[in-house]
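Chemist: Below you will find the structure I want to go over with you.
The values are calculated or read from the model by the stated rules, or taken from the named source; none is laboratory data. Since this is a predicted model, take the numbers as computed values, not measurements. Here the Cβ is made from the backbone with ideal geometry for all residues, glycine too, and neighbour counts use every protein chain on show.
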Amino acid sequence: LNFENELRRGLKQQEFELAFQPILSMRPQNIIATEVLLRWRHPEKGIMNAIDFLAAVEDADMLHPLNEWMCQQAMAQYQQWQQEGRKLGRLALNIAHLQLQDLGFFHFLQSLMTEYQVTPDQLILEVTEQFIVNSSDEVIAQFKRLQEQGLLLALDDFGRGYASLYYLKQFPLNIIKLERVFIKDIETSEVDLLLAESSIQLASKLGLTVVAEGVETQSHYDLLTNLGCDWMQGYFVSAPLPLVEFESWFTDYL
Ligand code: G
Ligand code: G
Ligand code: MN
Ligand code: NA
């Protein structure tokens, strides 16, 4: 209850904010998408990442309002960048599996798309394996409908779970995001390099686009380019940044 009050207070006091991290193609290095990550600028605890509070948000039954706030803010920001002529690629949103338990999310998404003039071909939705395990046929049908209009569906944190290969087969994905633990040691560990290589090959053969997460160095970049990885994300390009810093990053970059 305490934390729930904290959350409500935080939302009301506008302590939540968005961070942005670009996703680039490997060669040439073009901005493909901009991922939105939730942050809580807590008056005592400082800046907290989503991972530090999302589970508690879920327990407090506050996931829906917070995620709806995030989606609305993100779409409004994206529309503004569009109007300014910024070429930031697609908008990539993280969608918690609990948001997808019924079709309400799709109505909500549609109303935001109408309000902010964002089309399906400007969006990537990032879901987790947990969602794929629990998803209903109706929800999958909704995703397919949006995918026919150009929306891309990404599996986040690929490789962290336990049954990934099986789900790749039965779920209509466009993209897999290779978890950063796979990337971290590819310069020094032959096993890690082999795992990255086989994941990329498998995904490519299944017709999926591969995004490497946690690309931090030139040699990560070189190795992944040679392995045929499609897109990348990580400190090598940019950390997730608050709005003002992100805008100055892309002003220099574009
Ligand atoms: O950047 P950060 O450490 O917060 O990211 C940790 C995890 O939280 C990542 O897996 C990221 O996808 C997830 N995440 C970040 N922002 C959001 C959000 O707005 N909604 C959901 N559901 N997950 C998010
Ligand atoms: O699970 P997800 O990949 O969405 O988590 C994103 C988290 O990873 C964020 O907390 C973000 O700050 C962090 N992150 C993003 N890029 C890098 C990177 O290149 N290296 C490391 N170590 N962390 C990163
Ligand atoms: Mn993500
Ligand atoms: Na991720």
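Chemist: Is there a residue in the range 199-214 that is charged (D, E, K, R) and within 15 Å of ligand 2 (Cβ to nearest atom)?
Modeler: So far as the range 199-214 goes, yes, one or more of its residues are charged (D, E, K, R) and within 15 Å of ligand 2 (Cβ to nearest atom).
Chemist: From the set of residues in the range 156-172 that are within 16 Å of ligand 2 (Cβ to nearest atom) and on the phi < 0 side of the Ramachandran plot, which is modelled with the lowest pLDDT?
Modeler: The residue in question is Ser164.
Chemist: So which helices (runs of 4 or more DSSP H) stay within the range 158-254 end to end and still have 2 or more residues that are of a type in the set (A, V, I, L, M, F, W, C) and loosely packed, with under 15 Cβ neighbours inside 10 Å?
Modeler: Here the list reads 190-205, 243-253.
Chemist: Looking only at the range 158-198, which residues are among the polar types (S, T, N, Q) and more than 19 Å from the chain's Cα centre (by Cα)? Give the steps one after another, and end with the answer.
Modeler: From the range 158-198, those among the polar types (S, T, N, Q) are 164, 170, 174, 188-189, 198; that's our starting set.
Result: Gln170, Thr188, Ser189, Ser198.
Chemist: Among Leu153, Leu146, which is within 19 Å of Gly89 (Cβ to Cβ), outside any loop (DSSP other than H, G, I, E, B), modelled with pLDDT of 95 or more and in contact with a Pro (Cβ under 6 Å, 6 or more places away or on another chain)?
Modeler: Leu146
Chemist: If you scan the range 220-248, which residues turn out to be touching a residue at least 40 places away in the same chain (Cβ under 8 Å), over 19 Å from Gln201 (Cα atoms) and not polar (S, T, N, Q)?
Modeler: Result: Gly234, Val237, Ala239, Pro240, Leu241, Pro242, Leu243, Phe246.
Chemist: Taking the range 143-157, which residues are crowded, with 19+ Cβ neighbours inside 10 Å and away from ligand 3 (no atom under 14 Å from the Cβ)?
Modeler: Within the range 143-157, Phe143, Leu146, Leu151 qualify.
Chemist: Now for a separate question. Give just the number: which of (1) more than 16 Å from ligand 4 (Cβ to nearest atom); (2) at positive phi does Gln147 not satisfy?
Modeler: (2)
Chemist: Based on what the data block shows, is Ile23 within 16 Å of ligand 4 (Cβ to nearest atom) and on the phi < 0 side of the Ramachandran plot?
Modeler: Values: within 16 Å of ligand 4 (Cβ to nearest atom): yes; on the phi < 0 side of the Ramachandran plot: yes.
Spelling it out, Ile23 is indeed within 16 Å of ligand 4 (Cβ to nearest atom) and on the phi < 0 side of the Ramachandran plot.
Chemist: When His97 is evaluated against the numbered criteria (1) closer than 26 Å to Gln29 by Cα; (2) under 19 Å from the mean Cα position of the chain (by Cα); (3) surrounded by 15 or more Cβ atoms within 10 Å (Cβ to Cβ), which criterion, by number, is the only one it fails?
Modeler: (1)
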